[in-house]
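Have a look at the structure below, then the notes.
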Amino acid sequence: MTKNKNGAAPVLQRPPAEILHAQELQRLRENDNGPRPPGWALSLTAARKFILGDAELGVERKIVAPAASIERMLVTLATGRGLMLVGEPGTAKSLLSELLATAISGKSTLTIQGGASITEDQIKYSWNYALLINEGPSPRALVPAPLYQGMRDGQVVRFEEITRAPLEVQDCLLGMLSDRVMSVPELAGEDGMLYARDGFNIIATANTRDRGVNEMSAALKRRFDFETVFPILDFDHELALVQQASARLLEKSAIPRSLPQPVLELLVTTFRDLRGATQQHGGDQAMDRLTAVMSTAEAVNVAHAVGVRAWFLEQREGSPADLVDCIAGTVVKDNADDRAKLRRYFEQKVAKKDGPHWQAYFAARHRLP
């Protein structure tokens, strides 16, 4: 890693999984005696441990998902078929694709971010125009993009939000997924064809709200195995995940205090209610679903914001009133109905809850926009 002018390694805002979990990966490699698919950095067993955790090796669980689902994903990728992760926004599809790529290739940064402006050369290759003018088309003038690098080096490529990319960009994947070859017509001879090495594959993600933007062609769908990523159903699992992830973010923000457990419980219960889940404790039905994304990932962001607000403004731990301030920005965006539903939630649900933190939460409802 490049050091700064003081000789210290720079602090990364969001290190990739291969850096964040480097010690765990090293321990897994040292203890990995299982058979590995060609081109893989870990066996399927070790890759499963990396994602789901292993207490004996000191590997933490990084995502809440059924073991059978993770195993299906690994088997799909080991067979050479592309993997498509679909689900509601904020269900950790991107995190899961990052963890899978890291376990398989030891690298997760070959990433394409889908969007309306993305072009084919941004995912395959482009040219160094100074060299192109001086030398003409040559391997030295070619600038590899993620797909070219993944095929050349035998690594997994992640295509985030694939259905937000134009159809012509999506369909350029067909040759790479079926024949495992990329044509470079500007180059002559052997350089004009790039054949994928063992280990290359594509993991794509699509959220259910955007899948209709540029619906994938039937030909492209056939080349992927689809796996749905569901929201976390268990309250205790979701609470533990939000607590762990928010504590890590608060530590990176130089905040010495994590959120109090009662505030975290308020947050997770509110999100589960407002996204239409049934409460785990008490069994009463939740409110109508909001159009805003009330995902576990958003809950982690709100928890982080609560800690930042409390510490940097008043040097204290987060409170229910801070939660009201921070949750409003997530729920209330540009939909007046969501604003009304949030107020109704406080009047109809929060008001009936027992306990001092619920009472303080209700008393701070005047902070809602």
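No lab work stands behind these numbers, since they all come straight from the coordinates. Fair warning: this is a prediction, and the values are worked out from it, not measured in the lab. Reconstructed Cβ throughout: ideal geometry from the backbone, glycine too, with neighbour counts over all protein chains shown.
Report the extension gain between W127 and K252 in nm, rounded to one decimal, defined as 0.36 nm multiplied by the number of residues separating them, less their alpha carbon distance.
Values: separation 125, 0.36 × 125 = 45.00 nm, distance 3.82 nm.
Length gained between W127 and K252: 41.2 nm.
Taking amide H positions as placed 1.01 Å from N in the peptide plane, with prolines and chain starts having none, which residues 5 or more places from E317, or on another chain, fall under 5 Å of its amide H?
The answer is none.
Dipole of the range 235-367, Cα-centred, from +1 at each Lys and Arg C-beta and -1 at each Asp and Glu C-beta, to the nearest 20 debye? Intermediate values should be presented prior to the final figure.
Numbers: 18 positive and 17 negative charges, 43 e Å.
Charge dipole, the range 235-367, about its Cα centre: 200 debye, nearest 20.
Treating only the Cβ of Lys, Arg, Asp and Glu as charged (+1, +1, -1, -1), what charge dipole size does the chain show about its Cα centre? Round to the nearest 20 debye. Spell out each step's value before the answer.
Numbers: 44 positive and 45 negative charges, 112 e Å.
So the magnitude is around 540 debye.
Which order do the peptides 152-161, 222-231 take when ranked by the mean count of other beta-carbon atoms within 10 Å per residue, highest first? Numbers along the way, then the final one.
Numbers: 152-161: 21.5, 222-231: 16.4.
Put in order of decreasing packing, that is 152-161, 222-231.
Take peptides 45-51, 266-272, 114-120, 172-178 and line them up by average Cβ neighbours within 10 Å, highest first, as a rough protection proxy. Before the final figure, lay out the partial values.
Values: 45-51: 22.7, 266-272: 24.4, 114-120: 14.3, 172-178: 17.7.
In descending order of packing, they fall as 266-272, 45-51, 172-178, 114-120.
Say each of V143 and A55 gets a label point 7 Å from the Cα, pointing the same way as Cα to Cβ; how far apart are those two points in nm?
The modelled label-to-label distance comes out at 5.1 nm.
For the chain, calculate the relative contact order in percent as a whole number, restricting contacts to Cα pairs under 8 Å that are 6 or more residues apart. Spell out each step's value before the answer.
Values: 617 pairs, mean separation 52.5, N = 369.
Reported as a whole number, the value is 14 percent.
Filter K252/K341; K49/K93; K93/K221; K62/K252; K62/K107; K93/K341 down to the pairs with a C-alpha to C-alpha distance above 22 Å, please. Can you show the working numbers first?
Numbers: K252/K341 34 Å; K49/K93 18 Å; K93/K221 18 Å; K62/K252 18 Å; K62/K107 16 Å; K93/K341 28 Å.
From the list (K252/K341; K49/K93; K93/K221; K62/K252; K62/K107; K93/K341), the Cα-Cα distance tops 22 Å for K252/K341; K93/K341.
To the nearest 0.05, how large is the calculated FRET efficiency for L20 and D225 if R₀ is 25 Å and r is the Cβ-Cβ distance? Intermediate results must be reported in sequence, preceding the final value.
On the way: r = 27 Å, r/R0 = 1.10.
According to the calculation, E is roughly 0.35.
Using a basic spin-label model with each label point 7 Å from the Cα along Cα→Cβ, how many nm lie between N33 and L174?
The answer from the label model is 4.8 nm.
Skipping prolines and chain starts, which residues have an amide H placed within reach, meaning under 5 Å, of the one on I112, given they are 5 or more residues away or on another chain?
R158, F159, E160
Which residues does the label zone of R316 cover in the range 329-356, counting backbone N under 16 Å from a point 7 Å along Cα→Cβ?
Under cut-off, by backbone N: nothing.
Do the sum for the chain: with -39,500 (n - 2.57) for every DSSP H run of n ≥ 4, divided by all residues, what is the mean residue ellipticity at 222 nm, to the nearest 500 deg cm²/dmol? Numbers along the way, then the final one.
On the way: 17 runs with 164 residues, N = 369.
Helix contribution divided over all residues of the chain: -13000 deg cm²/dmol.
Pop the C-beta distance of A328 and M193 into the FRET formula with R0 = 45 Å and round what comes out to the nearest 0.05. Let's see the in-between values first.
Values: r = 56 Å, r/R0 = 1.24.
Plugging the Cβ-Cβ distance into 1/(1 + (r/R0)^6) gives 0.20.
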